[in-house]
Amino acid sequence: MMRIGVLGAGQMGNGIAHVCAQYGYQVALFDIAQPQLDKGLVTIAQNLERQAKKGAIPESLVRETLGRITATRDMSDVADMDFAIEAVTENEPLKLEIFRKLDSIVKEDSILASNTSSIPITKIASVTGRPDKVIGMHFMNPVPVMKLVEVIRGHATSDDTFTKTATLVATLEKEIAVSQDYPGFVVNRVLIPMINEAIFALYEGVATAEDIDKGMKLGTNQPMGPLTLADFIGLDTVLAIANVLYDGFKDPKYRPCPLLVKMVNAGYMGRKSGHGFYTY
């Protein structure tokens, strides 16, 4: 598998394209918006230059990597890819629509993967005619730095699809954690309730955002506090995953904090909007 299509040039998509191209794959990076494609390519170039300055990669690899990425606004340009990885926003109707289109465009023996962090792979696979070739590949953010890819098998995902996916992850020098197809999988089933509880602590006046983060960072040896992490992820994404957990399990312990809902409604999305639990 030498050709990989990445759908979505946002934070996750450009990171996935970056890593795949860095490790020798030809990449078609698709997005419907030209400004997003342009921004994604600039981000990839900046991150590669940063790696080179740190000595993590040779300077020559910057140009080589960028040369392996083709940006496109035409989804048919991924038709001949061996592996298509969807990395659009965490919106179920949008993802289902994309997989319907991908199934009709991409060659029959290609694998279709989703970078979803919470939406059931079985449900995504059900809108295609190749459920055995659909799998979850949940990369962590930032993709070039984080070593984990959470791999999720849908109900019909074949052993061959899983093996090829695991092989791809290994060639990217990353590790896999395998999860069954239940809401939130493993990482977000544990992470999002922790973040949500931190938001409840702020909402109820237990402590300031700074002290909540300091307590978790210094008291549990986390690299950043949960509210800082929420801002980094994007509060809209945190809320979307929390809603998937709440709807999927019907358990009140997953109920999103009203403060989180209010902030998202106000447009406070975290780092990407300039305002969240902190101001950027």
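The numbers here are math on the coordinates, done by the rules we state, and not lab data. If you're wondering where the values come from, they're calculated on a predicted model, not measured in any experiment. Neighbour counts are summed over all protein chains in view; Cβ atoms, including those assigned to glycine, are modelled from backbone coordinates with ideal geometry.
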query = With +1 on each Lys and Arg Cβ and -1 on each Asp and Glu Cβ, how big is the dipole of region 87-222 about its Cα centre, in debye rounded to the nearest 20?
reply = 300 debye
inquiry  = Within a 10 angstrom radius of the beta carbon, how do LYS262, LYS95, LYS101 rank from fewest other beta carbons to most?
reply    = LYS262, LYS101, LYS95
task = Mind putting a number on the dipole of region 189-272 about its Cα centre? Charges go on the C-beta only, +1 for Lys and Arg and -1 for Asp and Glu, and I need it in Debye to the nearest 20.
result = 160 debye
query = What is the distance, in nm, between label points placed 7 Å from the Cα along the Cα-to-Cβ direction at LEU66 and at LYS214?
reply = 4.3 nm
note = Here the Cα Rg-to-2.2 N^0.38 Å ratio for region 189-272 is 1.03
Nearby lysines by direct alpha-carbon distance to LYS164 (threshold 19 angstrom, same-chain neighbours under 8 apart not counted) = LYS107, LYS133, LYS147, LYS174
remark   = Among HIS18, HIS155, HIS138, the residue with the largest mean-square fluctuation in a Gaussian network model of the chain built from Cα contacts under 10 Å is HIS155
Label zone at LYS250, where the point sits 7 Å out along the Cα-to-Cβ direction: region 116-158 residues whose backbone N lies under 20 Å = 119-123
message = I need to check one value: relative contact order of region 3-179, counting alpha carbon pairs closer than 8 Å and at least 6 residues apart, in percent.
response = 21 percent
ask   = Of CYS257, CYS20, how do they rank once you tally other Cβ atoms within 10 Å and put the fewest first?
value = CYS257, CYS20
remark   = FRET efficiency (SER126, LYS39; Cβ distance; R0 30 Å; to 0.05) is 0.35
message = Relative contact order for region 189-272: what percent, with Cα pairs under 8 Å and sequence separation of 6 or more?
response = 33 percent
ask   = Around ALA177, which amide H atoms from residues at least 5 apart in sequence, or from another chain, sit under 5 Å from its own amide H, with H modelled in the peptide plane?
value = VAL149, GLU150, VAL151
note = Ordered by fewest other Cβ atoms within 10 Å, a rough proxy for footprinting exposure, LEU168, LEU37, LEU218 read LEU218, LEU37, LEU168
note = The set of residues whose placed amide H lies less than 5 Å from the amide H of ALA28, leaving out same-chain residues fewer than 5 positions away, is ILE4, GLY5, VAL6, THR70
request  = Would you kindly state how much longer the chain becomes between LEU96 and THR167 on full extension, computed as 0.36 nm times their sequence separation minus their alpha carbon distance, in nm to one decimal?
outcome  = 23.0 nm
note = Over all viewing directions the Cα convex hull of the chain casts an average projected area in nm² of 14.5 nm²
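SER76 to VAL206: FRET efficiency via 1/(1 + (r/R0)^6), r the Cβ-Cβ distance, R0 51 Å, to the nearest 0.05?
Details: r = 53 Å, r/R0 = 1.04.
So, using R0 = 51 Å, E works out to roughly 0.45.
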query = Tell me, what HN-Hα J-couplings in whole Hz come from the Karplus equation 6.51 cos²θ - 1.76 cosθ + 1.60 at θ = phi - 60° for each residue of region 13-27, using x for Gly and Pro?
reply = x, 5, x, 5, 4, 4, 5, 4, 5, 4, 9, x, 7, 7, 10
query = Given a Förster distance of 25 angstrom, what is the FRET efficiency for GLU108 paired with ILE32, based on the Cβ-Cβ distance and rounded to 0.05?
reply = 0.50
remark   = Across the alpha-carbon set of region 53-165, Rg over Rh with Rh taken as the Kirkwood radius works out to 1.01
